[in-house]
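The values are calculated or read from the model by the stated rules, or taken from the named source; none is laboratory data. Source: prediction; values computed, not measured. As a convention, Cβ positions derive from the backbone with ideal geometry for all residues, glycine included, and neighbour counts pool all protein chains shown.
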């Protein structure tokens, strides 16, 4: 009985570690250069309300999902400074990030 319990616990731990490694590797994967989020992020940066970002992301520059998430987070921290339309863009970016993370966790 103890051996079965230990084997089940070890098996669960290995599966969890594998799922976390897959999710984290996808989180740092590149956002495709033609993704809609680049123009959306550049529009937010142009407002001057995204902390630590004063210049737009150059066309053709590839960003990691982590870097994109950092920009979205910076915008969310200053949400009240944005217009309702800009807030909708931020919400769409956040939703896209959650969907990406959810897909990564199901791998």
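Residues being touching a strand residue (DSSP E or B) at 6+ places or on another chain (Cβ under 7 Å) and farther than 14 Å from residue 96 by Cβ: count how many of those fall in the stretch 32-75.
Here the count works out to 3.
If you take the residues of the stretch 54-65 that are within 17 Å of the chain's Cα centre (by Cα) and surrounded by 13 or more Cβ atoms within 10 Å (Cβ to Cβ), which of them is farthest from residue 32 (Cα to Cα)?
Here the residue is 57.
Can you go through 91, 46, 81 and tell me which one is within 14 Å of the chain's Cα centre (by Cα) and modelled with pLDDT of 90 or more?
On inspection, the qualifying residue turns out to be 91.
Could you check the stretch 75-84 and list, in sequence order, the residues that are in a helix (DSSP H, G or I) and crowded, with 18+ Cβ neighbours inside 10 Å?
75, the sole residue that qualifies.
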